[in-house]
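The values are calculated or read from the model by the stated rules, or taken from the named source; none is laboratory data. Because the structure is a prediction, the values reported are computed rather than measured. Positions of Cβ are generated from backbone atoms using ideal geometry, with glycine treated the same way; all protein chains shown enter the neighbour counts. Accessible surface areas use protein heavy atoms only, side chains included; no ligands, DNA or RNA. Shrake-Rupley method; radii C 1.70, N 1.55, O 1.52, S 1.80 Å.
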Amino acid sequence: MKKKKHLWIRVVLGIIGALLAVVIVFFGVLTVTEYKPKDTEQLEIAGAASKTLEDGDSFTIMTWNTGYGGLDENADFFMDGGKNVQSSDEETVRANIKAISDFIEESQVDVAFLQEVDTDSKRSYGINELDLIAEETEGFQNTFALNYKTLYVPYPMPPIGRVSCGIATLSAFELSDAQRVSLPCPFKYPVRLANLKRCLMVDRVPLEGSDKELVLVNLHLEAYDSGEGKIAQTRQLRELLESEAAKGNYVIAGGDFNQTFSNCDTSGYPLVSEDMWKPGVIDVSEFDDGLQFLMDNTSPSCRSLDKPLAGNDADPTKFQYYMIDGFIVSDNLKIDSFETKDLKFKNTDHNPVIMKVTLKED
C-alpha cells in the first residue's frame, strides 16, 4: 500500500511539475517576445496623395473605431459583460471592413483617423485590414502605428490568442512626417505582456507658402484600467497639443478617447446599470483656452457590447450607449460642421464622427 501511495504522490507531483514548467516556458516566451516600442518611432508613409493645403483652405476629417471588423450589430464581447471572444466569422469580418471602406469613400473625407485596425490577429482570421482598406479607398497616403501586439493572449476560454492591431490614418494630403509616440502603460508585469501599449500617431502636413504645419494626432486611449492610465495618457496628449498650438500650427487630435469631455451634455445616454462599463471624463478646464473640444450628442458614438444590438431593445434607457469619440482642435481652425453619423452600429460598435474645418488666415 505504501508503495502505491508513494507512486501516486510521484505521479501527482510529476504532473504539477510539468504544468508548472509549461507555465514558466509560456511566460518566458511572452517575456522574450514582448512588444517594447521606443518613446518615439518614425513610421512608414505608404500610398500616394495629391492634395495640398494653404491658409484659408477647408477640408473634412473623420474618426472611426472599426472594431477590427468583428464587432458589428450582432456581436457581444466578454470585456463588456458579453459572452464571446470572437463574435464574427471570416466572411463577416471581410464584409464589415468592406462596408467601412465604402463609407469612407462615399463620405469624400480628406483625412480619416481609424482605430482597432488588425493586421494579423486570430480574432480577425489573420486578415491584414489595413491592406484591405487601402485597396478599397483611393487617393490616400496611409500611416499605421501598432498599439496592441502580442504573441498570445491566454484568456478567457477560448483565449483571444495572437493579436497585431493598431491605429491608421488616411490622408489625401501629402504627409511630410509620421511618428509613433508612446503613451504611459498602466499595467505591470506580467499583465502588460498581453495588454495594449497605447500611443499617439502624429502625422504632419506642410502648408504651401507657410512655415506652419497641420498636425494630425490619431489616438485610442485606455479603456479598462483603474483610471490612472487615462489620466496619465490625457496629460501627455495635452502637453503635445499645447506645444504644437503654441508654435502656431493647426492642430487636430481625434479618435476614441474612452472618455467624455466635461463640456458635453451626455444626459441622453445614461448609465442603465451600475454594472456597465463607465467612461472617464476629460476636464476641459485643465487644457489651454486655445483648444476646442467637440463631441456630438445628437447620436451616440459607441454602444456597449454586453449583448448584441440586433434583436434587442435599442432604447437608450435600456441599451447602453456612449459619447467617447470626437476631436480636440486648435482655435486657429474654424469649425464649419460637426456630426456623428448614425449608422446604427451595423458594421462596428462605433459610429463615425465627421468634421469640416477651415484654416483661419493670419
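Here are a few things to note about the model shown:
- Any hit, region 305-323, residues being farther than 23 Å from Gly229 by Cβ, β-branched (Val, Ile, Thr) and not in a loop (DSSP other than H, G, I, E, B): no
- For region 109-126, the set of residues classified as open to solvent by 10 Å² or more (accessible area, probe 1.4 Å) and either among the hydroxyl-bearing types (Ser, Thr, Tyr) or over 17 Å from Gly47 (Cα atoms) (or both) consists of Glu116, Thr119, Asp120, Lys122, Arg123, Tyr125, Gly126, listed by residue number.
- Matching residues, region 149-187, being touching a residue at least 60 places away in the same chain (Cβ under 8 Å), of a type in the set (Lys, Arg) and open to solvent by 40 Å² or more (accessible area, probe 1.4 Å): Lys149
- The lone criterion from (1) open to solvent by less than 40 Å² (accessible area, probe 1.4 Å); (2) under 18 Å from the mean Cα position of the chain (by Cα) left unmet by Thr137 is number (2).
- Only a single item in (1) part of a loop (DSSP other than H, G, I, E, B); (2) in contact (Cβ under 8 Å) with a residue 12 or more places away in the chain; (3) of a type outside the set (A, V, I, L, M) is not met by Phe338, and it is number (1).
- Yes/no for Gly229 being of a type outside the set (Asp, Glu), out of contact with any Cys (no Cβ under 6 Å at 6 or more places or on another chain), open to solvent by less than 30 Å² (accessible area, probe 1.4 Å) and at pLDDT 95 or above: no
- Residue match in region 53-76 (condition: open to solvent by 20 Å² or more (accessible area, probe 1.4 Å), among the β-branched types (Val, Ile, Thr) and either at pLDDT 95 or above or farther than 17 Å from Leu132 by Cβ (or both)): yes
- Every residue from region 293-304 that is surrounded by fewer than 21 Cβ atoms within 10 Å (Cβ to Cβ) and assigned to a strand (DSSP E or B): Phe293, Leu294
- Exactly one residue out of Lys98, Lys38, Lys83 is among the basic types (Lys, Arg), touching a residue at least 40 places away in the same chain (Cβ under 8 Å) and open to solvent by 10 Å² or more (accessible area, probe 1.4 Å), and it is Lys38.
- Selection of region 228-266 for residues being under 17 Å from the mean Cα position of the chain (by Cα) and part of a loop (DSSP other than H, G, I, E, B) yields Phe257, Asn258.
- Pairing each residue of region 239-266 that is at positive phi and touching a residue at least 40 places away in the same chain (Cβ under 8 Å) with any residue that is surrounded by fewer than 20 Cβ atoms within 10 Å (Cβ to Cβ) and assigned to a strand (DSSP E or B), provided the two are 6+ apart or on different chains, yields C-beta distances under 8 Å for Asn258/Gly280.
- Scope region 190-219; condition more than 22 Å from Gly255 (Cβ to Cβ), modelled with pLDDT of 95 or more and not charged (D, E, K, R); matching residues: Pro206, Leu207
- Scanning region 311-355 for residues that are at pLDDT 95 or above, over 21 Å from Asn96 (Cβ atoms), open to solvent by 10 Å² or more (accessible area, probe 1.4 Å) and in contact with a Phe, Trp or Tyr (Cβ under 7 Å, 6 or more places away or on another chain) yields one hit, Asn332.
- Scanning region 188-220 for residues that are closer than 30 Å to Ile24 by Cβ, open to solvent by less than 40 Å² (accessible area, probe 1.4 Å) and assigned to a loop (DSSP other than H, G, I, E, B) returns Asn195, Leu196, Lys197, Arg198.
- Answer residue from region 49-77, given it is touching a Phe, Trp or Tyr at 6+ places or on another chain (Cβ under 8 Å) and part of a loop (DSSP other than H, G, I, E, B) and is farthest from Phe113 (Cα to Cα) among those: Glu73
- Residues in region 267-279 that are under 17 Å from the mean Cα position of the chain (by Cα) and open to solvent by less than 40 Å² (accessible area, probe 1.4 Å): Pro279 alone.
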